[in-house]
Amino acid sequence: MIVQDTALRNEWIVACRSVDVQDRPLQVTVMGERVVLFRNEEGIHAFKDLCIHRGAALSLGCVRDGKLVCPYHGWEYEASGACVKIPQLPSHQAIPGKARAIPFGCTERYGFVWVNLNSNAPDFFSLPEFDAPGYRNVIWGPQTVNAKPPRVVENFLDVGHLAVVHVGYLGVETHMAIGDYHVHRDENGIRTDEIAVFQPDPDGTGQAKHVYYTYEILRPLTVKFTKRDRETNNEMSILLTVMPLDENQSVAYGVLSFNYETNMTDEEINSFQDMIFAQDKPIVENQKPEDLPLDLQVELSLKCDRASIAYRQYLNELGVKLGTA
Ligand code: FES
Ligand code: FE
């Protein structure tokens with residue numbers, strides 16, 4: 001079932017990692033829509049994964065001379081979506097104008113392929129760490145979650161759970177209280193003040209200390225936190241972006257950025273993040289209601305939930321329907 005959500009169809013939605021699209025076309029399901037991604041010399045392209053001739057999945061075909069070739073009767077589509085070759089037609093017959101694939105917006109950024117299902121995409125959010133000198137970026141995901149995207153995103157913005165769900169890793173039992181903070185909104189987006197969190201080993205040196213979290217809401221399904229050590233100025237940030245697979249399932253991806261030496265390989269960083277994510281997963285998959293209540297009276301919020309409240313208000317303003325109530 002195609003997810004009918006105009007606000008989200010207008011967004012850039014992560015489809016897969018850049019490395020996932022090589023010489024062969026790839027099928028991805030984005031918001032219930034089967035999409036084919038393929039690469040040619042000009043870059044990466046996305047079409048509805050459907051041949052207008054007999055409904056074959058174009059992703060089962062191949063890329064030849066920069067064109068996407070249908071696996072069934074060999075029709076060839078150029079990047080604009082126009083069909084430029086129909087092998088069954090005698091050479092003097094023109095290709096019908098209706099012979100087209102349906103193109104979607106598609107771009108590569110920050111190690112990922114992003115699609116826009118409405119060709120009405122907003123400006124891309126900026127991730128300064130990604131190109132900044134002195135930063136190392138690690139691509140994380142995919143991780144599939146049986147929950148709707150807003151619950152997954154809100155979990156990421158939730159500072160109160162760190163010392164509970166991730167006790168021993170991202171928090172300790174003796175430091176569970178969260179100091180007050182505010183959420184600020186300007187032309188650069190929505191961000192919190194720095195929030196102190198006491199962690200057992202925030203940077204891999206084995207020393208427990210306070211680190212300071214800043215949460216940012218960049219887009220409805222893309223958020224970020226930066227965790228800073230005030231003594232060393234070590235900074236690590238995680239960008240989380242969620243793809244709605246269909247009405248009920250989410251696929252999470254991330255970019256982890258570090259401005260210091262972690263002494264960990266990309267694989268080790270990924271397995272640590274997978275382990276942390278696995279702690280959140282059963283919580284998020286069992287939250288009720290599945291739809292995030294945008295009426296702030298429906299659940300009971302604390303002051304430390306200000307980031308989540310700002311997120312709910314933002315979804316409400318944008319008119320996001322998927323996973324909200
Ligand atoms: Fe694609 Fe026939 S179904 S060419
Ligand atoms: Fe968590």
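Since every read-out is calculated from the coordinates, none of them should be taken as a lab result. Quantities reported herein were computed from a predicted structural model and do not represent experimental measurements. As a convention, Cβ positions derive from the backbone with ideal geometry for all residues, glycine included, and neighbour counts pool all protein chains shown.
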### Message
Restricting to region 268-291, give me the number of residues that are basic (Lys, Arg) and outside any helix (DSSP H, G or I).
### Response
1
### Query
Just wondering, is there one or more residues in region 102-124 that are of a type in the set (Phe, Trp, Tyr), in contact (Cβ under 8 Å) with a residue 40 or more places away in the chain, away from ligand 2 (no atom under 16 Å from the Cβ) and surrounded by fewer than 17 Cβ atoms within 10 Å (Cβ to Cβ)?
yes
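Residues in region 147-180 that are over 26 Å from Gly204 (Cβ atoms), part of a loop (DSSP other than H, G, I, E, B) and either touching a Leu at 6+ places or on another chain (Cβ under 9 Å) or within 16 Å of ligand 1 (Cβ to nearest atom) (or both): how many?
Restricting attention to region 147-180, the residues satisfying the condition of being over 26 Å from Gly204 (Cβ atoms) are 147-154, 180.
So of that shortlist, the ones also part of a loop (DSSP other than H, G, I, E, B) come out as 147-148, 180.
Now narrow it down to the ones that are either touching a Leu at 6+ places or on another chain (Cβ under 9 Å) or within 16 Å of ligand 1 (Cβ to nearest atom) (or both): 148.
The qualifying residues number 1.
Considering Leu294, Leu315, Leu322, which residue is away from ligand 1 (no atom under 16 Å from the Cβ), assigned to a helix (DSSP H, G or I) and surrounded by 15 or more Cβ atoms within 10 Å (Cβ to Cβ)? Lay out the reasoning, then the answer.
Working: Leu294 fails: assigned to a helix (DSSP H, G or I); Leu322 fails: assigned to a helix (DSSP H, G or I).
The match here is Leu315.
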### Task
Test each condition in (1) surrounded by fewer than 17 Cβ atoms within 10 Å (Cβ to Cβ); (2) within 16 Å of ligand 2 (Cβ to nearest atom) for Glu299 and report the one that comes out false.
(2)
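Restricted to region 253-274, and to residues that are surrounded by fewer than 16 Cβ atoms within 10 Å (Cβ to Cβ) and in contact (Cβ under 8 Å) with a residue 40 or more places away in the chain, which residue is farthest from ligand 1 (Cβ to nearest atom)? Spell out how you get there, then give the answer.
Of region 253-274, the ones surrounded by fewer than 16 Cβ atoms within 10 Å (Cβ to Cβ) are 261, 263-268, 271, 274.
Next cut, in contact (Cβ under 8 Å) with a residue 40 or more places away in the chain only: 263-264, 266, 274.
Working: Asn263: 52, Met264: 47, Asp266: 39, Asp274: 39 Å.
Step by step, filter region 253-274, then rank; the result is Asn263.
Give Val69, Val28, Val35 a once-over and let me know the one that is surrounded by 16 or more Cβ atoms within 10 Å (Cβ to Cβ), over 30 Å from Phe130 (Cα atoms) and β-branched (Val, Ile, Thr). Before the answer, list the steps.
Numbers: Val28 fails: over 30 Å from Phe130 (Cα atoms); Val35 fails: over 30 Å from Phe130 (Cα atoms).
Sole residue among the options that is surrounded by 16 or more Cβ atoms within 10 Å (Cβ to Cβ), over 30 Å from Phe130 (Cα atoms) and β-branched (Val, Ile, Thr): Val69.
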### Message
I'd like to know if region 123-144 contains one or more residues that are part of a loop (DSSP other than H, G, I, E, B) and within 16 Å of ligand 1 (Cβ to nearest atom).
### Response
no
### Summary
Taking region 52-81 and the residues there that are under 19 Å from Val21 (Cβ atoms) and in contact with a His (Cβ under 8 Å, 6 or more places away or on another chain), the one that is farthest from ligand 2 (Cβ to nearest atom) would be Cys70
